[in-house]
Amino acid sequence: MLYSAFNIYLGVMTVIAVITFIALYYVEAGYGMLISPRWGKTISNRWAWFVMEITIFILMWIMWALSPHRFETVPLVFLLFFQLHYFQRALIFPFLFRGKGKMPIGIMSMGVVFNILNAWMQGYWIFFVAFDEAHPAPFVRAGIDWFSTPQFIIGTILFFAGMAINLHSDHIIRNLRKDDQDTKHYFPKGGLFRYVTSANYFGELVEWLGFAILTWSLSGLVFFIWTFANLVPRAAAIHKRYRARFPEEFATRNIKRVFPFIY
């Protein structure tokens with residue numbers, strides 16, 4: 001794929017993300033606390049998340065193995081950052097769930113398709129496009145000096161800060177349920193849940209914004225746009241559901257949806 005063709009691919013992905021962002025304000029993605037029978041047959045939440053996330057984890061390793069630049073230091077570090085997230089999401093996160101949650105097969109399938117497209121988007125840029133002579137990739141010229149640039153330092157701080165927020169928020173949500181027999185939903189408290197109802201999503205947004213900055217790539221930016229398009233409307237829907245179920249929690253506090261003090 002030529003550099004110009006790859007840019008067209010990124011443009012198409014961005015347009016689809018914008019359409020998805022608008023659509024999700026009218027159609028709730030039916031999983032988690034928003035699960036709905038209209039989305040069809042379901043499978044175990046654990047295995048649905050595993051299948052979705054292991055897809056991109058494996059594909060990124062394959063793209064790394066096929067690249068003639070697989071041992072270049074900077075892109076290898078980019079890969080390790082990316083894979084750290086998906087190792088946790090595929091092999092740890094799903095198996096910590098409590099309760100017997102389900103996910104519609106349709107939702108899982110859409111997640112798998114997106115992760116295939118995103119693996120191509122991130123992996124192809126990191127290991128192929130950025131080394132194309134037609135692409136003025138700054139880290140290729142800088143070599144390991146890239147690690148001392150403002151982009152890498154700021155992006156890395158945001159990446160790991162977002163990851164920490166996401167992991168801590170997931171821990172809070174996970175421990176709301178008493179055991180595997182408990183299927184109720186509870187109002188999360190503590191951490192950034194003092195300010196927003198979707199602190200876990202805020203953490204993930206910060207994380208992928210950091211990745212876009214530390215890689216200084218259009219593909220990273222498009223992934224952040226997709227994350228925003230998917231999670232912000234969902235955070236709004238969850239906020240609405242919490243307001244209906246737990247009005248007492250909102251009586252004295254101005255809790256936002258996903259961005260503290262803003263939205």
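A quick yes/no check of all residues on (1) buried (at least 19 other Cβ atoms within 10 Å of the Cβ); (2) at pLDDT 95 or above; (3) farther than 24 Å from Val140 by Cα:
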site	(1), (2), (3)
Val15	no, yes, yes
Ala29	yes, no, yes
Thr42	yes, no, yes
Leu80	no, yes, no
Arg89	yes, yes, yes
Ile92	no, yes, yes
Val113	no, yes, yes
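Among the numbered conditions (1) assigned to a helix (DSSP H, G or I); (2) touching a residue at least 60 places away in the same chain (Cβ under 8 Å), tell me where Lys178 comes up short.
Looking at each condition in turn, Lys178 falls short on (1).
Within segment 220-234, is there a residue that is surrounded by 14 or more Cβ atoms within 10 Å (Cβ to Cβ), in a helix (DSSP H, G or I) and of a type in the set (Lys, Arg)?
yes
So which residues in segment 31-53 are under 17 Å from Val112 (Cβ atoms), more than 17 Å from the chain's Cα centre (by Cα) and assigned to a loop (DSSP other than H, G, I, E, B)?
Selection gives Gly40, Lys41.
Taking segment 181-219, which residues are in contact with a strand residue (DSSP E or B) (Cβ under 7 Å, 6 or more places away or on another chain) and either part of a loop (DSSP other than H, G, I, E, B) or among the hydroxyl-bearing types (Ser, Thr, Tyr) (or both)?
Hit for segment 181-219 is Tyr195, nothing else.
For a quick check of your reading: which helices (runs of 4 or more DSSP H) sit entirely within segment 54-143 and have at least 1 residues that are among the hydroxyl-bearing types (Ser, Thr, Tyr)?
Qualifying helices (runs of 4 or more DSSP H): 73-91, 105-127.
Suppose we filter segment 101-144 for residues that are more than 21 Å from the chain's Cα centre (by Cα) and not aromatic (Phe, Trp, Tyr); how many remain?
Looking only at that region, the number is 14.
The values are calculated or read from the model by the stated rules, or taken from the named source; none is laboratory data. Keep in mind it's a predicted model, so treat the numbers as computed, not measured. Methodologically, a virtual Cβ is constructed for each residue, glycine included, from the backbone with ideal geometry; neighbour enumeration extends over all protein chains shown.
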